[in-house]
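Any read-out appearing in this document is the output of simple, stated calculations on the displayed coordinates, not a laboratory observation. This is a predicted model, so every value here is computed, not measured. Positions of Cβ are generated from backbone atoms using ideal geometry, with glycine treated the same way; all protein chains shown enter the neighbour counts.
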Amino acid sequence: MLDRLAINSIEIYQEFLIAKLIKSGFNMVAPKIGLICGSLRKGSINKALEGALVRRLETAGTSAHIIDLNDFDLPLFHGDLKTPPNAAALIKTMADCDGIIIISPEYNGGLPPLLKNAIDWTSTMGREHLDGPIYAIASCSPGPMSGIMVMRQINYILTRLHAELIPVQLGCGNAETAFDKKGHLIAQPASDLADKMIGQLLSRIAQKG
């Protein structure tokens with residue numbers, strides 16, 4: 001018997017299929033969704049949220065890919081430095097996605113340096129990673145505030161860069177009780193927000209074609 005998560009994921013993908021088939025003339029492939037986490041720490045609650053979203057995306061029929069910032073080893077941004085080759089590699093990886101979900105912790109009410117550094121470097125060359133994918137934002141916090149400040153700041157920065165973002169943001173508070181033993185997101189309203197966010201993301205990707 002299908003659980004509610006599976007049913008919601010199937011419904012999300014059915015909606016995506018209908019929109020995409022109409023738009024593409026019945027010629028389509030599964031959308032590729034990249035996930036970027038602003039934390040590399042082992043045991044990170046935002047990495048846990050990233051993993052939970054990967055499961056939902058795959059259940060919804062997408063091709064989910066974790067874009068690990070640790071793989072790109074960018075130096076601290078400095079205007080006098082030559083743009084490192086890894087910045088170009090990160091841009092290409094992002095541009096190859098139909099959608100990107102940024103999952104970030106909140107450090108002292110703001111962005112973690114890792115994420116801000118990646119945004120600063122990739123904004124210095126080309127726009128394909130900003131003009132191509134549709135963006136979504138998520139955050140997980142140990143307390144009840146759900147990363148609201150960092151999501152607001154990421155939204156502001158991406159809007160300034162003229163990236164397209166969907167309206168629904170996924171804030172997940174009280175992380176200790178937000179996931180089950182298998183890593184699935186079970187807390188409410190975060191679970192429903194995850195479904196709405198994925199649904200909006202896939203719908204907009206289908207519309208954009």
Point to revise | Residue-by-residue Karplus 3J(HN,Hα) for the range 46-52, coefficients 6.51, -1.76, 1.60, Hz, glycine and proline x | key: 6, 5, 5, 5, 4, x, 5
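For the chain, what percent of Cα pairs sit more than 21 Å apart? Write down the numbers at each step before the final one.
Working: 11169 of 21736 pairs.
It works out to 51 percent of all Cα pairs.
Please give me the summed charge of the neighbours of Ser146: other residues whose Cβ is under 14 Å from its Cβ, Lys and Arg +1, Asp and Glu -1. Don't jump to the answer; show the numbers that get you there.
Values: positive: Arg152; negative: Glu106, Glu176, Asp192.
Here the count lands on -2.
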Point to revise | Placed amide H near His65: partners under 5 Å, 5+ positions off or other chain | key: Ile33, Gly34, Leu35
**Study point:** Per-residue HN-Hα couplings for the range 69-85 [Karplus 6.51, -1.76, 1.60; θ = phi - 60°; Hz; x = Gly/Pro]
**Key:** 5, 5, 6, 10, 6, 7, x, 4, 4, 8, x, 8, 7, 6, 4, x, x
Revision key, fill the gap. Computed, not fitted: 222 nm per-residue ellipticity of the chain from DSSP H runs ≥ 4 (each -39500 (n - 2.57)), nearest 500, equal to -14000 deg cm²/dmol
Review point. Given the range 68-190, what percent of its DSSP beta bridges are antiparallel, to the nearest 5?
Key: 15 percent
Study note, to complete from the structure: Interchain or sequence-distant (5+) residues whose placed amide H lies within less than 5 Å of the amide H of Met145 are Asn174
